[in-house]
Amino acid sequence: MKAVMIFSANDTAYLMAESVGGTVDNFITMMNEKANDLGLKNTHFVNPSGLEIDPLNPTNTEINQTTAYDLAQIGIAAFKNDWVRETMAPKTGELSVNLSGTPVIIESRNKILGKNGNIGGKTGTEDQAGHCFVGFYERDGRDLVTVVLKSEYGATGLNVFEDTEKIANYGYLAKKEVYKSANDEVGTINLTYKAFRFFGPEKQITAPIILNQDVEYYKNDFNDKNASISYTQDVKDAWKLSGNKEVKLTFSLPGYTEEISGTIQVSSLELVKANLPLYLLSLLILIVILVLLIFITRIINMKKRRRRRYY
């Protein structure tokens, strides 16, 4: 792991792939399955190293493909692993690469490690991809991942790190803005209910979903396109939700969810009004039945009195 994460040793990447997957091909399948599990739609792996020419299959012209967004998601997932995080943290590492066991000191390719909040990262360079870097930052208790692709190497090889610093600084200057405000309607929901609460015909009503609080986010084109607020709880009975009871809503962005407070705006009076003709008809039928019962009872009583007179 040190050889791969600190020194970008591609030969070691193939050894790890074979060790974990049994064969390199099996490991590549595992990589693509993991990408699918992470919801990555623009990533496809053909080798474990990222090299544009596969040393095990040099005639294969297919190359690994991904995007800055997908790399950020891969980086976030990898950084949650303690082993990965701890391996990329030091500036140097020791490896035993010969039979004598003599340690070899390797130095991190991450030239900004430990500077301005950078706590790790992974470099990569290829002809088509250019000079690339996925960086991890922590400043003032806020974590940030940066991705630079196709940067020029430059005279000193530091261009990609300078680009990374610019992205990180830009990211940390961003402040959260209000996405939706308290009392905003953020959607509607179809609720079901029985007209007489516990029995009767099943009916539907569409109710607005109202926020009880401000919801903040980092405003950008991507978040504007993908942000959403939804009601995902199982209770969808209008009677149970009537009275503007507080419910839990979910604010979602790709890779992020937050539980927020809201209300499904439906009242008992509204349900009663929606079913008033049915209630009146039911009342009328009940009255008719009562009148009939009274009438039948009187007839029966009259017949009984006549029989007594006869005897």
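What ranking do 69, 231 get, fewest neighbouring Cβ atoms within 10 angstrom at the top?
Lowest to highest Cβ neighbour count: 69, 231.
Please work out, to two decimal places, the log10 of the ratio I(q)/I(0) at q = 0.14, 0.24 Å⁻¹ from a Debye calculation in which every Cα of segment 210-259 carries one identical scatterer.
-0.44, -0.95
Which listed residue (147, 301, 84) has the Cα farthest towards the positive end of the charge dipole for the chain, taking +1 on Lys and Arg C-beta and -1 on Asp and Glu C-beta about the Cα centre?
Farthest along the dipole direction, towards plus: 301.
Rounded to the nearest 500, what is the 222 nm mean residue ellipticity of the chain from helices alone, with -39500 (n - 2.57) per DSSP H run of 4+ residues and division by all residues?
On the way: 10 runs with 118 residues, N = 311.
The per-residue figure over the chain is -11500 deg cm²/dmol.
Give me the distance between the Cα centres of segment 86-126 and segment 65-84, rounded to whole Å.
With segment 86-126 and segment 65-84 each reduced to a Cα centre, they are spaced 18 Å.
At a 10 Å Cβ-Cβ cut-off, how would you order 167, 264, 300, fewest neighbours first? Walk me through the numbers before you get to the answer.
Working: 167 17, 264 24, 300 9.
So the ranking, lowest neighbour count to highest, is 300, 167, 264.
Determine the dipole magnitude for segment 179-274: charges of +1 sit on the beta-carbon of Lys and Arg, -1 on that of Asp and Glu, nothing else is charged, the reference point is the Cα centre, and the result goes in debye to the nearest 20.
About 500 debye.
At a 10 Å Cβ-Cβ cut-off, how would you order 184, 70, fewest neighbours first?
Values: 184 16, 70 19.
Ascending number of Cβ neighbours within 10 Å: 184, 70.
Taking 0.36 nm per intervening residue step and subtracting the Cα-Cα distance, what contour gain separates residue 235 from residue 178 on full extension? Mind dumping the intermediate values first?
Working: separation 57, 0.36 × 57 = 20.52 nm, distance 2.83 nm.
Contour length minus the Cα-Cα distance gives 17.7 nm.
If I take every Cα pair under 8 Å that is 6 or more residues apart in segment 2-173, average their sequence separation and divide by the length, what percent do I get for the relative contact order?
Working: 264 pairs, mean separation 28.7, N = 172.
Computed value for segment 2-173: 17 percent relative contact order.
Of [x] 59; [y] 41; [z] 45, which is the value of percent of Cα pairs over 29 Å apart derived from the coordinates here?
Structure-derived value, by its label: [x].
Starting from a Cα-only point model with no solvent, please compute log10 I(q)/I(0) by Debye for segment 1-130 at q = 0.15 1/Å.
-0.81
Quick note: the coordinates plus some simple rules give every number you see, no bench work behind them. Being a predicted model, the structure only gives us computed values, none of them experimental. Every residue, glycine as well, gets a Cβ built from its backbone with ideal geometry; the counts of neighbours run over all protein chains shown.
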